Amino acid sequence: MSQLPLQSAELFHQNCYVGGEWVAATSGAKLEVDNPASGEIIGNIPDFDASDTQHAIAAAAEGFQQWRRTSATTRSDHLYRWYQLMLDHSDDLATLMTLEQGKPLAEAKGEVLYAASFLRWFAEEARRAYGDTIPGSTPDQHIIVTRQPVGVSAAITPWNFPAAMITRKAGAALAAGCSMVVKPAEATPYTALALAHLSQQAGIPAGVFNVITGNPVIIGQTLTSSPTVRKLSFTGSTAVGRKLMAQCAEHIQKVSLELGGNAPFIVFDDADLDQAVAGAMASKFRNTGQTCVCANRFLVQDGVHDAFVSKLADAMSKLQLGDGFAEGTTQSALINRAAVEKVQQHYSNAIQQGATRVFGPEPHDAQGNFVAPVLLTGINPDMQICQEETFGPLAGIIRFDNEAQAIQLANDTPYGLAAYFYSQNIHRVWRVADALEYGMVGINEGIISNPSAPFGGVKESGLGREGAREGMAEYEESKYLCMGGA
Ligand code: SIN
């Protein structure tokens, strides 16, 4: 791409950021990055091999030695500066994101603010790395517990939130005193490299925040086979998370995994239907259906089923499919051809088993990576759409009869990231919130992501939490000091 539409052209980097320097792969190898909406090549990025990755780990180890000795206030100030720089450059960051990821520009701007909010949250939290004092077992003994940084940390981040999934990890790591090597998705490296540029501007010392690009398998193996790396945080599929966790076993690296979901969205007869439809739209169609917390299965009770379907179809008719840069676009290109084919597969599988298309065109008529929103009724739990994340704008409705059945259907999955339900009955609200086997539950709320709240799942949706107090603890170790003879 010849001229990028950026106000600050220096934000666009085609090299990796290691030890405070912008570097190419030693071999000179590169990967192309394209715009998923047009297929146009945006640029190239270095294809790092194992030795380049080891170099980045060594740089992070040096950075760690300096960073761990800074005061919490200094770390907080740096993170706060980084946050402000993200706000100052929010238009450019959003432009880069829409170019490489495809999401509508308004959503990209929203993501920049969401991503920046993690830096602000952890800038504040950095000052609260409190320990404990505990009464000793004899009068001359004191027990003190301090919080220490885990050490060099690695992050492997996904393409669906090119900025927020980095700041959610890096904000916590840097606040705790860790250094970090980030490997962004091959599809969306430019937002990550722009964040590295801003970290440099924010005065974060060389080696503390590093961004490397290339083959995920080689880089993942190198990060997990290094005894220097003490922590890995990964956001992505359960299949890849399982492999990485096994690899981390070699050096007993600490792991945080934010993996796949299969979110139920339950609408009870006593729900406020307009509120439920607004929540359904926000949850299902955010990022064109490409989030781990997107509603994946709508469970709607008999008494409101038809009214909900009709209101949802009406709301869906107002969605606008188009290029992420076009005015008014709310749904844009999916990330690649494989994503389009997955939606088509889930659709065909559901139709073959008796589902009915009540709104939207045939997904098989998709142009390029653009899939129009589709609504299906008559879904059942045996269909692929109920068993796997669709990660696209295909919504399917299961009809249910009673509360126990809804809970059974909702929990009948190996996943446990996010769930949503709508009810105006306070007794039901507590019962259902308690019974859902999920790490996060939206109650009369379709958007639950928030830097102050612990984000993460149970079962095969992952380990650990991001954001909130818990997010920083993932990058800390407790050290117990036992002082005797005092
Ligand atoms: C994800 O889809 O992995 C993250 C979504 C969020 O942070 O809201």
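The values are calculated or read from the model by the stated rules, or taken from the named source; none is laboratory data. This one's a predicted model, so the numbers in the text were calculated from it and none came from an experiment. FYI the Cβ positions are ideal-geometry reconstructions off the backbone, even for glycines, and counts take in every protein chain you see. The area values use the complete protein model at the heavy-atom level, side chains included, leaving out ligands, DNA and RNA. Shrake-Rupley method; radii C 1.70, N 1.55, O 1.52, S 1.80 Å.
Could you check the spin-label model distance between ALA278 and CYS482? Points 7 Å from the Cα along Cα→Cβ, value in nm.
5.7 nm
When the label point is put 7 Å from the Cα of GLN7 along its Cα-to-beta-carbon vector, which residues of segment 95-126 have a backbone N closer than 12 Å?
Output list for this probe position: 95.
Order of 375-382, 136-143, 249-256, 454-461 by packing, highest average Cβ count within 10 Å first?
In decreasing order of mean packing, 375-382, 136-143, 249-256, 454-461 become 454-461, 375-382, 249-256, 136-143.
Leaving ligands and nucleic acids out of the surface, order THR146, THR235 by accessible area at 1.4 Å, largest first.
Result of the area sort, largest leading: THR146, THR235.
Test of understanding: extend the Cα→C-beta vector of GLN141 to 7 Å, then name every residue of segment 456-486 with backbone N under 11 Å from that spot.
From segment 456-486, the list is 482-485.
How would ARG242, ARG428, ARG147 line up by accessible area, probe 1.4 Å, largest first?
ARG242, ARG147, ARG428
Please give the contour-minus-distance gain from THR26 to ALA249: 0.36 nm per residue of separation, less the Cα-Cα distance, rounded to one decimal in nm.
77.4 nm
Tell me, what is the 1.4 Å probe accessible area of MET483, in Å² to the nearest 10?
100 Å²
For segment 26-159, what are the per-bin percents of Cα-Cα distances with bins 10 Å wide, up to the bin holding the maximum?
With a bin width of 10 Å, the distribution comes to 10, 23, 30, 23, 8, 4, 2, 0.
Could you work out the Rg to Rh ratio of the chain, with Rh taken as the Kirkwood radius (inverse of the mean 1/r over all Cα pairs)? Don't skip to the end; give the middle numbers.
Values: Rg = 23.1 Å, Rh = 23.3 Å.
Rg/Rh: 0.99.
Angle, helix 189-201 long axis vs. longest principal axis of the chain, Cα atoms, 0 to 90°, nearest 10?
40 degrees
Scale the Cα Rg of segment 24-99 by the rule-of-thumb value 2.2 N^0.38 Å and send over the ratio, two decimals. Can you show the working numbers first?
Values: Rg = 17.4 Å, N = 76, 2.2 N^0.38 = 11.4 Å.
In units of the 2.2 N^0.38 Å rule of thumb, it is 1.52.
When the Karplus curve 6.51 cos²θ - 1.76 cosθ + 1.60 is applied with θ = phi - 60°, which whole-Hz ³J(HN,Hα) does each residue of segment 168-178 get, with x for Gly and Pro?
5, 8, 5, x, 5, 5, 5, 4, 6, x, 8
Among the DSSP beta bridges whose two residues both lie in the chain, what percent are antiparallel, rounded to the nearest 5?
Values: 30 of 68 bridges.
So the antiparallel bridges in the chain amount to around 45 percent.
How large a share of the accessible area of segment 357-486, in percent, is made up of carbon and sulfur atoms when the probe is 1.4 Å and the other protein chains stay in place?
The nonpolar share, carbon plus sulfur, comes to 50 percent.
Find the percent of Cα-Cα distances in segment 369-437 that exceed 20 Å, and round it to a whole number.
On the way: 862 of 2346 pairs.
I get 37 percent for the Cα pairs in segment 369-437 exceeding 20 Å.
How long are the semi-axes of the ellipsoid equivalent to segment 159-298, from square roots of 5 times the Cα gyration tensor eigenvalues, in whole Å, largest first? Don't jump to the answer; show the numbers that get you there.
Numbers: eigenvalues 216, 73, 35 Å².
Over the Cα atoms of segment 159-298, the ellipsoid semi-axes are 33, 19, 13 Å.
Can you run phi through the Karplus equation (6.51, -1.76, 1.60; θ = phi - 60°) for segment 462-471 and list ³J(HN,Hα) in whole Hz, with x for Gly and Pro?
Using θ = phi - 60°, the values come out as x, 9, x, 9, 10, x, 6, 4, 4, x Hz.
For GLY442, what residues show an amide H to amide H distance below 5 Å, using hydrogens built from the backbone and excluding near sequence neighbours?
Long-range HN contacts for GLY442: ALA419, TYR420, PHE421.
Of ASN411, ILE426, GLY467, which is farthest on the positive side of the dipole of segment 401-470, counting Cα position, with +1 on Lys and Arg Cβ, -1 on Asp and Glu Cβ, and the Cα centre as origin?
So the residue we want is GLY467.
If you look at just the Cα atoms of segment 97-145, how large are its Rg and its Dmax in Å?
When restricted to the Cα atoms of segment 97-145, Rg and Dmax are 21.9, 65 Å.
Is the shape of segment 260-337 rounded, prolate or oblate, going by the alpha carbon gyration tensor and its root eigenvalues a ≥ b ≥ c, with a/c under 1.5 for rounded and a/b larger than b/c for prolate? Can you show the working numbers first?
Working: a/c = 2.89, a/b = 1.60, b/c = 1.80.
It is oblate, given that a/c is not under 1.5 and a/b is not larger than b/c.
Report the label-to-label distance for ASN425 and ILE447 in nanometres (one decimal), using points 7 Å from each Cα along the Cα→Cβ vector.
According to this spin-label approximation, the distance is 3.0 nm.
Can you sort LEU481, LEU223, LEU6 by 1.4 Å-probe accessible area, starting with the largest?
Output order, biggest surface exposure first: LEU481, LEU6, LEU223.
Helix 426-435 versus the longest principal axis of the chain: what is the Cα-based angle in degrees, 0 to 90, to the nearest 10?
Helix 426-435 sits roughly 60 degrees off the main axis of the chain.
Place a +1 charge on the Cβ of each Lys and Arg in the chain and a -1 charge on the Cβ of each Asp and Glu, then give the dipole magnitude about the Cα centre in debye, rounded to the nearest 20.
So the dipole magnitude of the chain works out to roughly 1060 debye.
When the label point is put 7 Å from the Cα of ASP132 along its Cα-to-beta-carbon vector, which residues of segment 443-486 have a backbone N closer than 16 Å?
470, 473-474, 476-483
Provide the gained length on full extension for the span ASP302 to ASP434, in nm with one decimal, where the gain is 0.36 nm per separating residue minus the Cα-Cα distance.
45.2 nm
Once you place label points 7 Å from the Cα toward the Cβ at THR74 and ALA338, how far apart are they in nm?
Those two pseudo-labels are separated by 4.3 nm.
Using a 1.4 Å probe, what is the accessible area per residue for the chain, in Å²?
38 Å²
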